[in-house]
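Structure first, then comments.
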């Protein structure tokens, strides 16, 4: 009876161990693997949703900034942008009491989807009048910036200056699509 009881215990333990192995192999491991896969997919979907939400928020901000640029005078017509900048420069020189002797467009340079139109100006002014002109350019609502300027005194000891000023404005002008031969629009300066 002792051997019989021992055999029963061994048989029960063996069946239990084999049962646990079968449960582990066919139930527990597949369940854990599927749970890990679902958790990973959930994390990826959550990250993707967060990225999409960020893009939507960024698009709204970009749309608002783009609208502000368009309201501020950004144009897609180079002639209109040049005319606008020349008109404003004349207006600002009159308002700041600057004697503008020359105001002419210089060159157009492409930078990505934009064209940059440079304008050269020369004239005479007092220090205060020239500072006023620079302030008006720097706080303008149109897209214009000062590139460089040079000041020289016309007479020693007198507040009478000669200046050379270079400003530029931008035009939104996407580059034309590439030609079938693989050659796109020429890079660099145009006009």
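Taking the numbered list (1) loosely packed, with under 15 Cβ neighbours inside 10 Å; (2) free of Cβ contacts under 8 Å to residues at least 24 places away in the same chain; (3) out of contact with any helix residue (DSSP H, G or I) (no Cβ under 7 Å at 6 or more places or on another chain) in turn, residue 160 passes all entries but (2). Residue check: residue 76 meets all listed conditions (1) loosely packed, with under 11 Cβ neighbours inside 10 Å; (2) within 29 Å of residue 118 (Cβ to Cβ) but one, namely (1). Taking (1) touching a residue at least 24 places away in the same chain (Cβ under 8 Å); (2) closer than 30 Å to residue 174 by Cα; (3) exposed (fewer than 15 other Cβ atoms within 10 Å of the Cβ); (4) out of contact with any strand residue (DSSP E or B) (no Cβ under 9 Å at 6 or more places or on another chain) in turn, residue 52 satisfies each apart from (1).
FYI, it's all coordinate maths here, none of it is from the lab. The structure presented is a predicted model; accordingly, all values stated were derived computationally and were not measured. Reconstructed Cβ throughout: ideal geometry from the backbone, glycine too, with neighbour counts over all protein chains shown.
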